[in-house]
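Colleague: Structure provided below as C-alpha cells; questions to follow.
The values are calculated or read from the model by the stated rules, or taken from the named source; none is laboratory data. Since we're looking at a predicted model, the values are computed, not measured. Virtual Cβ from ideal backbone geometry, glycine too; neighbours counted across all protein chains shown.
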C-alpha cells in the first residue's frame, strides 16, 4: 500500500510516499500460514507415493514428465509495516521455484545462483531437447540443474510499472551483497494521471531522474532497515549501483524504442 503519508518513527528508511499498514496479528498469521502451507504442499506432492509424482507413476508417465512450480511474485506480510506485492523489497522479489526432472539423479537441493521468471521458458525448452531461440530473454537453468558451473549473472534487475492503488514506478538492482532501489514519479510533472504504460517502460532510459533512492548492504542488513543512500561514507557504492542500474535497464529492454513485446497498435 502506498500513498502520500510519511512513515512512522522507526521506519524512516522507507520512501516518504509509503503508507504503513498495521493489520491484526491474527490476519498476519492467516496470510503467512496460507503462503507457507502452499509451498509445503507442493513440496510434499513431489515426494509422496500418493501425490502428483505417485499418480504419474500409476499412469506410466513419471519417467518423461518434468514438473516446475513457481509463483509470479512474493508478498509482504507486515514486513516494513507493509502489505502487497509491488514494492521491490526482498519479501516481494523472492518467489518459490521447484524443478523436478526424473532424469536428474542428483539429491534434492537448493541452488544459490540468481534465477528470474524469464529463465523458466528457456529452461523448459532446454530440458525437452529444444534449443531456446537467441531472441528469448532469460537463461536456461538446465546446466545448473545438471551440476555444471557455467558463468552466471551476479545481480538481477527488478522493476514495478504498476501504478494502480497509488504504487510508484520503481527500478532496482539486487546483487549478492548490495541492493539499489530508485523511485520515479507516479504521475509525470505537469500531468494529472499516470503516463501510458508504453511510455513508462523506457522513461529512465530516456533520462527521467528518480525522486527517491535506497541503498542497502544486504550482507549486514538483510531486512533492509538502514537506507545508506544519503550517507557520505557510501557515496562511491551509491554511484556504482546507479551506473549498474542504468545499464541493467538497457540490458532488459534493449535501449530506446518500444520493445518488440509491446504491440504497435
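Listed here are the residues, each with its yes/no results for (1) in contact (Cβ under 8 Å) with a residue 60 or more places away in the chain; (2) in contact with a strand residue (DSSP E or B) (Cβ under 9 Å, 6 or more places away or on another chain); (3) within 30 Å of residue 212 (Cβ to Cβ); (4) outside the structural domain of residue 170 (by TED's automatic domain parsing).
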residue: 71; (1), (2), (3), (4): no, yes, yes, yes
residue: 78; (1), (2), (3), (4): no, no, yes, yes
residue: 84; (1), (2), (3), (4): yes, yes, yes, yes
residue: 90; (1), (2), (3), (4): yes, yes, yes, yes
residue: 94; (1), (2), (3), (4): no, no, yes, yes
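Colleague: Could you tell me whether the stretch 4-22 includes any residue that is at pLDDT 65 or above, part of a loop (DSSP other than H, G, I, E, B) and crowded, with 16+ Cβ neighbours inside 10 Å? Please lay out each step first, then the result.
Modeller: In the first step, residues of the stretch 4-22 are kept if they are at pLDDT 65 or above; the result is 15.
From the residues that got through so far, the ones that are part of a loop (DSSP other than H, G, I, E, B) too are 15.
Then keep just the ones that are crowded, with 16+ Cβ neighbours inside 10 Å; that gives 15.
Yes, that holds for at least one residue.
Colleague: Has the stretch 224-231 got any residue that is surrounded by fewer than 16 Cβ atoms within 10 Å (Cβ to Cβ), touching a helix residue (DSSP H, G or I) at 6+ places or on another chain (Cβ under 9 Å) and under 20 Å from residue 92 (Cβ atoms)?
Modeller: Yes, because at least one residue in the stretch 224-231 is surrounded by fewer than 16 Cβ atoms within 10 Å (Cβ to Cβ), touching a helix residue (DSSP H, G or I) at 6+ places or on another chain (Cβ under 9 Å) and under 20 Å from residue 92 (Cβ atoms).
Colleague: Given the options 213, 199, name the one that is on the phi < 0 side of the Ramachandran plot and modelled with pLDDT under 95. Step through it out loud before you land on a result.
Modeller: Details: 213 fails: modelled with pLDDT under 95.
Selected residue: 199, the only one of 213, 199 that is on the phi < 0 side of the Ramachandran plot and modelled with pLDDT under 95.
Colleague: Turning to a different aspect of this structure: Can you work out which of the residues in the stretch 53-93 that are at pLDDT below 85 and in contact with a helix residue (DSSP H, G or I) (Cβ under 6 Å, 6 or more places away or on another chain) is farthest from residue 222 (Cα to Cα)?
Modeller: Among those that are at pLDDT below 85 and in contact with a helix residue (DSSP H, G or I) (Cβ under 6 Å, 6 or more places away or on another chain), it is 85.
Colleague: From 99, 130, grab the single residue that is in contact (Cβ under 8 Å) with a residue 24 or more places away in the chain, in contact with a helix residue (DSSP H, G or I) (Cβ under 9 Å, 6 or more places away or on another chain) and under 26 Å from residue 62 (Cβ atoms).
Modeller: On the way: 130 fails: in contact (Cβ under 8 Å) with a residue 24 or more places away in the chain.
Exactly one of 99, 130 is in contact (Cβ under 8 Å) with a residue 24 or more places away in the chain, in contact with a helix residue (DSSP H, G or I) (Cβ under 9 Å, 6 or more places away or on another chain) and under 26 Å from residue 62 (Cβ atoms), namely 99.
Colleague: Would you please list the contacts, defined by Cβ atoms under 9 Å and residues six or more apart or on different chains, that run from a residue in the stretch 40-64 that is closer than 25 Å to residue 95 by Cβ to a residue that is modelled with pLDDT under 70 and exposed (fewer than 15 other Cβ atoms within 10 Å of the Cβ)?
Modeller: Pairs that qualify, where the first residue is closer than 25 Å to residue 95 by Cβ and the partner is modelled with pLDDT under 70 and exposed (fewer than 15 other Cβ atoms within 10 Å of the Cβ), are 51/44; 53/47.
Colleague: Further question: Filtering the stretch 51-69 down to residues that are in contact with a strand residue (DSSP E or B) (Cβ under 9 Å, 6 or more places away or on another chain) and not in a loop (DSSP other than H, G, I, E, B), which residue is farthest from residue 159 (Cα to Cα)?
Modeller: Step one: of the stretch 51-69, the residues in contact with a strand residue (DSSP E or B) (Cβ under 9 Å, 6 or more places away or on another chain) are 52-53, 56, 65-69.
Now drop any that are not not in a loop (DSSP other than H, G, I, E, B), which leaves 52-53, 56, 67-69.
Working: 52: 34, 53: 36, 56: 38, 67: 28, 68: 24, 69: 22 Å.
Once the filter is applied, the top-ranked residue is 56.
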